[in-house]
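Quick notes on the structure that follows.
Read-outs throughout are calculated quantities, based only on the coordinates presented, and are distinct from any laboratory measurement. If you're wondering where the values come from, they're calculated on a predicted model, not measured in any experiment. Reconstructed Cβ throughout: ideal geometry from the backbone, glycine too, with neighbour counts over all protein chains shown.
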Ligand code: C2E
Ligand code: MG
Ligand code: MG
Ligand code: MG
């Protein structure tokens, strides 16, 4: 009993230096069982066309309902999964589940799946993606992967994986764009179809400061390079209006819809969100 108590206490109360390791051990062990225990599920957030709000795609986002801790956000457990390597089997489950969902969605809706740096560096990653595509029978044209600038920055292995995914016919989205290394040179060496402009810029789009200037400039870059641009984290009608006025065609955010369980997707498609 003392041991059990100790295990739960370390995760919360250990000194800061041990905290990361303790959290990893506690959460990591639980996470290892979570897939088989059915504690994970995917939700899907609409990406809409401005200004009408017609859904053109959905982003797949993982959720974990821990039996004791309740909902653990991906911002907490994805980093643990990356540090412990669990992201490899977890990422495969995520991709498979998202592909199974993509097969059921009415065309031309596409599904966008987040892929982490660690997955991209895994030697077997591309083979595993190929297997999942084959087994689920998903049309690759219905699939995008989201990678961050940081994941591919200065990393030849990760870049090679992104190129291989692109060669297989998947679309590549650069996620949280503007928050990572933001090397514009990346756009020369990494195949990209979509720029996802980070919420931190969108948050301040209605003020006349640097974020608004950057959001405007990023759209010009996207246009020049013939990429789609998606504004992330749109929460207010003012932001949506401003983005539309700037020329943004695609947006995502709570204003349009929270991430939804798979069962709610079909209804959403039949009955578009209006703002
Ligand atoms: P992300 O890929 O940039 O995903 C967007 C995040 O912003 C999601 O948080 C989404 O719920 C949230 N969001 C969308 N619209 C709004 C809004 O209007 N306001 C606010 N405040 N938030 C909004 P979530 O699902 O908690 O995911 C956080 C991050 O965790 C993701 O950022 C992604 O980096 C990672 N993640 C989530 N699911 C997966 C996954 O299946 N695989 C991997 N590798 N990473 C994932
Ligand atoms: Mg994303
Ligand atoms: Mg994002
Ligand atoms: Mg973001």
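Laid out as a table, the results:
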quantity	calculated
For 152, 194, order by how many other beta-carbon atoms lie within 10 Å, fewest first	194, 152
Extension gain (nm, one decimal) between residue 216 and residue 134, 0.36 nm per residue minus Cα-Cα	25.5 nm
The chain, helix-only ellipticity at 222 nm - DSSP H runs n ≥ 4, -39,500 (n - 2.57), divided by all residues, nearest 500	-14000 deg cm²/dmol
Rg/Rh ratio calculated on Cα atoms of the stretch 13-134 (Kirkwood radius)	1.03
Part-to-part distance (alpha-carbon centres) for the stretch 25-101 and the stretch 206-232, which is given in Å	28
Separation in nanometres of the label points that stand 7 Å from Cα toward Cβ, at residue 254 and residue 63	1.5
The stretch 68-212 shape via C-alpha gyration tensor axes, a/c threshold 1.5	rounded
In degrees, nearest ten, helix 87-104 long axis to first principal axis of the chain (Cα)	50
Folded to 0 to 90 degrees: helix 125-136 orientation relative to the chain principal axis, Cα	80
Fraction of the pair-distance distribution of the chain above 24 Å, Cα-Cα pairs, percent	53
Cα gyration tensor shape for the stretch 144-206, rounded if a/c is under 1.5, else prolate or oblate	prolate
Ascending count of other beta-carbon atoms within 10 Å, so fewest first, for 93, 64	93, 64
Length added when fully stretched, residue 25-residue 264, from 0.36 nm per residue minus Cα-Cα	82.5 nm
Anisotropy class of the stretch 137-275 from Cα gyration tensor, a/c 1.5 cut	oblate
Nearest 10 degrees, 0 to 90: helix 210-224 Cα axis against the chain principal axis	70
